[in-house]
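A.B. asks: I am attaching a structure below and will ask some questions about it afterwards.
The values are calculated or read from the model by the stated rules, or taken from the named source; none is laboratory data. This one's a predicted model, so the numbers in the text were calculated from it and none came from an experiment. Cβ placement follows ideal geometry from the backbone for every residue including glycine, while neighbour counts extend to all protein chains displayed.
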Amino acid sequence: MTTNSKFIDYIDEALEKSKETVLSHLLFTYQGIPYPVTMCTSETFKALDAFEARSDDIVLASYPKCGSNWILHIVNELMFADSKQKYEYPEFPVLECGDPEKYQILVLFRNPKDTAVSFFHFHNDVPDIPSYGSWDDFFRQFMKGQVSWGSYFDFAINWNKHLDDENVMFILYEDLRENLATGIKRIAEFFGFSPSGEQIQTISAQSTFHAMRAKSQETHGAVGPFLFRKGEVGDWKNLFSETQNQEMDEKFKECLAGTALGTKLKYNSYCQP
Ligand SMILES: Nc1ncnc2c1ncn2[C@@H]1O[C@H](COP(=O)(O)OS(=O)(=O)O)[C@@H](OP(=O)(O)O)[C@H]1O
């Protein structure tokens with residue numbers, strides 16, 4: 001992502017509001033889903049009802065902490081390689097709804113255990129964001145879907161219905177982690193970009209966790225190093241208890257076992273001890 005003061009201004013403003021917010025006052029509910037009062041308002045959601053997309057808009061859908069800043073960076077670099085123009089965001093680039101028919105949509109998933117752990121650290125590490133009392137407290141709320149942006153599992157169940165849509169491309173965080181250049185090539189093909197082998201290599205080198213973390217203060221302001229925290233697969237093993245493992249395995253089975261998305265998430269590879 002390019003240096004963009006609008007982007008950083010928005011994050012700084014949200015952090016400033018977070019300073020005065022206690023955890024019990026963090027969430028409001030819009031159409032049954034909790035959102036943080038520091039970043040969203042019901043007015044914005046209502047205004048988005050009248051939003052009209054352009055036919056060449058690109059949309060990324062992701063539950064929090066699945067690597068959205070990573071993919072935004074990659075797409076920006078691909079656009080730059082294609083057009084030689086750096087895109088400057090006129091607004092903070094997060095749209096909470098829109099007409100899917102009009103977009104090409106990247107859907108980004110990460111295994112639910114690492115997603116939960118990343119989400120917990122974000123809350124508890126960023127000084128200005130209200131903290132949970134403990135990992136166990138956060139886990140309980142995460143499993144109930146009572147965290148910002150709601151339930152990972154409801155998000156997954158809904159997207160499972162759209163995986164075969166022509167305008168939707170699925171990306172798995174763990175696949176990208178394993179082979180960044182291949183992932184970048186697939187994203188480029190989906191959007192009709194034709195980067196050279198050299199451009200793919202350059203974008204890959206700029207999109208590694210370490211490269212992005214090193215620039216994170218420049219790209220994301222004070223919160224940067226917390227957004228690019230560890231970037232690993234399997235960090236959940238440091239926090240999950242045996243009971244929590246079983247609880248999430250059960251929930252996964254109940255919600256996603258036997259579904260197309262359930263298979264694509266490769267749960268047995270990434271979520272078993
Ligand atoms: N380049 C690269 N490689 C590997 N991993 C990366 C990369 N960029 C971001 N990340 C990791 O993605 C996690 C943050 O996800 P999001 O950007 O979606 O967070 S947010 O919802 O916008 O707050 C967060 O995960 P954790 O480190 O586990 O907390 C980031 O470190």
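A.B. asks: Scan region 114-137 for residues that are within 16 Å of residue 251 (Cα to Cα) and out of contact with any Cys (no Cβ under 9 Å at 6 or more places or on another chain) and jot them down. Write out each step before concluding.
C.D. replies: Of the residues in region 114-137, the ones within 16 Å of residue 251 (Cα to Cα) are 114-116.
116 - this is the single residue of region 114-137 that is within 16 Å of residue 251 (Cα to Cα) and out of contact with any Cys (no Cβ under 9 Å at 6 or more places or on another chain).
A.B. asks: Pull up region 59-68, narrow it to residues that are touching a Ser or Thr at 6+ places or on another chain (Cβ under 8 Å) and under 19 Å from residue 208 (Cβ atoms), then point me to the one that is surrounded by the most Cβ atoms within 10 Å (Cβ to Cβ).
C.D. replies: Ranking the candidates gives 66 first.
A.B. asks: Let me ask another. Considering only residues of region 155-174 that are of a type in the set (D, E, K, R) and touching a residue at least 40 places away in the same chain (Cβ under 8 Å), which is surrounded by the fewest Cβ atoms within 10 Å (Cβ to Cβ)?
C.D. replies: So, considering only residues that are of a type in the set (D, E, K, R) and touching a residue at least 40 places away in the same chain (Cβ under 8 Å), the one surrounded by the fewest Cβ atoms within 10 Å (Cβ to Cβ) is 164.
A.B. asks: Here is a follow-up. Consider residue 206 carefully, then state whether it is touching a residue at least 40 places away in the same chain (Cβ under 8 Å), under 20 Å from residue 74 (Cβ atoms), surrounded by fewer than 16 Cβ atoms within 10 Å (Cβ to Cβ) and in contact with a helix residue (DSSP H, G or I) (Cβ under 7 Å, 6 or more places away or on another chain).
C.D. replies: Answer is yes for this residue.
A.B. asks: Going by the conditions given, is residue 147 touching a residue at least 40 places away in the same chain (Cβ under 8 Å), in a strand (DSSP E or B), β-branched (Val, Ile, Thr) and out of contact with any Asp or Glu (no Cβ under 8 Å at 6 or more places or on another chain)?
C.D. replies: So residue 147 fails the test.
A.B. asks: Which number in (1) on the phi > 0 side of the Ramachandran plot; (2) within 12 Å of the ligand (Cβ to nearest atom); (3) at pLDDT 95 or above marks the one condition that residue 149 misses?
C.D. replies: Among (1) on the phi > 0 side of the Ramachandran plot; (2) within 12 Å of the ligand (Cβ to nearest atom); (3) at pLDDT 95 or above, residue 149 violates only (3).
A.B. asks: If you check residue 67 against the conditions, is it at pLDDT 90 or above and of a type in the set (Gly, Ala, Ser)?
C.D. replies: Here the answer is yes, as residue 67 does meet what is asked.
A.B. asks: Considering each of 242, 218 in turn, give the residue that is more than 16 Å from the ligand (Cβ to nearest atom) and either under 25 Å from residue 157 (Cα atoms) or exposed (fewer than 14 other Cβ atoms within 10 Å of the Cβ) (or both).
C.D. replies: 242
A.B. asks: Let me ask another. Looking at region 238-260, which of the residues that are assigned to a loop (DSSP other than H, G, I, E, B) and of a type in the set (A, V, I, L, M, F, W, C) is nearest to residue 143 (Cα to Cα)?
C.D. replies: Checked region 238-260; the qualifying residue nearest to residue 143 (Cα to Cα) is 240.
A.B. asks: What residue, among those in region 221-237 that are among the charged types (D, E, K, R) and in a helix (DSSP H, G or I), is farthest from the ligand (Cβ to nearest atom)?
C.D. replies: Across region 221-237, the extreme among qualifying residues is 237.
A.B. asks: Please pick out the residue among 88, 43, 77 that is modelled with pLDDT of 85 or more and within 30 Å of residue 123 (Cα to Cα).
C.D. replies: Exactly one residue qualifies, and that residue is 77.
A.B. asks: Could you check region 1-70 for strands (runs of 3 or more DSSP E) lying wholly inside it with 2 or more residues that are in contact (Cβ under 8 Å) with a residue 40 or more places away in the chain?
C.D. replies: On the way: elements: 27-30, 33-36, 58-62.
The qualifying strands (runs of 3 or more DSSP E) are 33-36, 58-62.
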